[in-house]
Amino acid sequence: MTRGWTALDAAVTRGKGKRRVVRRFRLVNTHLEAFDDRTEVPSIRARQAAELIAPGGAASRGRVVLLGDLNSDVPGLVAGDEQAFQVLLDGGFARRSTTVPPSCCVSDLFSAPPSEFDHVVDHVVTNKPAKVKLARSAVTGLEQVGGIYPSDHAGVVSRLLLRR
């Protein structure tokens, strides 16, 4: 996936018989544009985020868990970089991942110091915060294994509880 999104409708089941509980949700994975003009408002990535959550968009109906590289950070670190994430927040989405430690990004898999992980662009969010609770979240891959980082981004992992 260069830039775009994938989605699937999923169900998790717990229990059997009369005690069987099924929770349905839509999982959307995306990688928003990374190299748009950061002075452009709204940015390309902000317009992509708006398209995802607009009526008829991939992340517009039902219980949605949206995850991916949103190339969008908290305000202040990179000018204009927070636009896409703000679109999601304004659209009713809520964070369901950690920001500590930051998960982005090393410039060289072999020689970059871990201190280059200094900002957050990888997120897990939901449009139904009362129905999708964060149990815990962690960041993995912040250290080299065998002299190489697993990726230029660290991994963001969230355990979510789906409620009725």
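The values are calculated or read from the model by the stated rules, or taken from the named source; none is laboratory data. Note that the structure is a prediction, hence the values are computed from the model and not measured. Methodologically, a virtual Cβ is constructed for each residue, glycine included, from the backbone with ideal geometry; neighbour enumeration extends over all protein chains shown.
Considering (1) touching a Leu at 6+ places or on another chain (Cβ under 8 Å); (2) hydroxyl-bearing (Ser, Thr, Tyr); (3) buried (at least 17 other Cβ atoms within 10 Å of the Cβ), say which one residue 43 fails and leave the rest.
(1)
So which of 111, 107, 151, 115 is among the hydroxyl-bearing types (Ser, Thr, Tyr), within 25 Å of residue 49 (Cβ to Cβ) and surrounded by fewer than 19 Cβ atoms within 10 Å (Cβ to Cβ)?
Answer to the check: 151.
Suppose we keep only residues that are of a type in the set (Val, Ile, Thr) and outside any strand (DSSP E or B) within the stretch 1-50. Which one would you say is modelled with the highest pLDDT?
44
Every residue, every condition in (1) assigned to a strand (DSSP E or B); (2) over 26 Å from residue 42 (Cα atoms), yes or no:
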residue: 84; (1), (2): no, no
residue: 87; (1), (2): no, no
residue: 97; (1), (2): no, no
residue: 102; (1), (2): no, no
residue: 108; (1), (2): no, yes
residue: 112; (1), (2): no, yes
residue: 136; (1), (2): yes, yes
residue: 139; (1), (2): yes, yes
residue: 142; (1), (2): no, yes
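Return the residues of the stretch 117-144 that are at pLDDT 95 or above and charged (D, E, K, R); say none if nothing qualifies.
Selection gives 128, 131, 133, 136, 143.
Among the residues of the stretch 16-29, write down those that are free of Cβ contacts under 8 Å to residues at least 60 places away in the same chain and either touching a Lys or Arg at 6+ places or on another chain (Cβ under 9 Å) or within 14 Å of residue 164 (Cβ to Cβ) (or both).
20, 21, 22, 24, 26
Could you grab the pairs with beta carbons closer than 7 Å, sequence gap of 6+ or different chains, first residue in the stretch 30-52 and within 11 Å of residue 82 (Cβ to Cβ), second one at pLDDT 85 or above and among the acidic types (Asp, Glu)?
Matching pairs, first to second residue: 45/33.
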